[in-house]
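S.K.: Pasting in a structure now, in structure tokens, and then I'll have a few things to ask.
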Amino acid sequence: MTKKQADNQVVEEKEGFVDGEGYPNCEGEPCANMAEESKDETDTVAEEQAEEQTVEEAPKAEETDWKDKYLRLQAEFDNFRKRTLREKMALIESGGSDVWKAILPVLDDMERAIAASEKSEDLTALREGEKLIYNKFVDIMRQKGVVEIEAKEKEFDADLHEAVARFAAGEEKSGKVIDVVQRGYKQGEQVLRYAKVVVGE
């Protein structure tokens, strides 16, 4: 062994190597340090892999969450739509039945008036009976919010009136309703039937 080789062997033994090929001497302190460093590196790699996996899984979890929320919202809206439709149909049916229930007494009065007219010769009494029936019917209409559209002597309004004729009535009555051919009615702001009128020009 040459002097240079002997010196290298001494250095390697001091630094924790058995020989010059780099194999660690497990009894030496450098070997323990290297094991700790290797363990730290392994833990760091594992942590990085776990973080990468978590980052990849996060968008999938968020996508699943939003999909679940969307499906729930869609189901709730569908239930709301069906419930509203049922309530609307029930309201229409009950509203119609209420009107007919209110009208039935008028029908009874008309039947009694017809029966009385066949036996009675008193025209004045018959006419009074007809007026009473008419007024009763008008009262029922008012209770249901149905009122007559004011037309005569009013300015012509295309939203309420339907002009069926024009008549020369002078400058003062130009554009005004001078006669009502057929009465119009509205319920609240909704026009049930336009008033058919004659307009002056």
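What follows is calculated from the coordinates using simple rules that are stated; it is not laboratory data. Bear in mind the structure is a predicted one, so any value in this text is a computation, not a measurement. All Cβ positions, even for glycine, are placed from backbone atoms using ideal geometry, and neighbour counts span all protein chains on display.
S.K.: From the backbone phi of region 107-113, what are the Karplus-calculated ³J(HN,Hα) couplings (6.51 cos²θ - 1.76 cosθ + 1.60, θ = phi - 60°) in whole Hz, Gly and Pro given as x?
M.R.: 4, 4, 5, 5, 5, 5, 5
S.K.: Between LYS88 and GLU155, 0.36 nm times their residue separation minus their Cα-Cα distance comes to what?
M.R.: Numbers: separation 67, 0.36 × 67 = 24.12 nm, distance 3.72 nm.
Gain on extension, LYS88 to GLU155, equals 20.4 nm.
S.K.: So, R0 is 30 Å and r is the distance between the beta-carbons of ALA113 and VAL147; what FRET efficiency does that work out to, to 0.05?
M.R.: Details: r = 25 Å, r/R0 = 0.83.
Once the sixth-power term is evaluated, E becomes 0.75.
S.K.: Starting from the Cα coordinates of region 99-201, work out the convex hull volume and express it per residue in Å³.
M.R.: Values: hull volume 12.8 nm³, N = 103.
Residue-normalised Cα hull volume stands at 124 Å³.
S.K.: Calculate the translational D of region 73-115 in whole µm² s⁻¹ from Stokes-Einstein, where the hydrodynamic radius comes from the Kirkwood formula applied to all Cα pairs, the temperature is 10 °C and the viscosity 1.306 mPa s.
M.R.: Numbers: Rh = 13.0 Å.
Answer, rounded: 122 µm²/s.
S.K.: Counting pairwise Cα distances across region 147-201, what percent come out greater than 19 angstrom? Let's see the in-between values first.
M.R.: Numbers: 319 of 1485 pairs.
So the portion of pairs separated by more than 19 Å is 21 percent.
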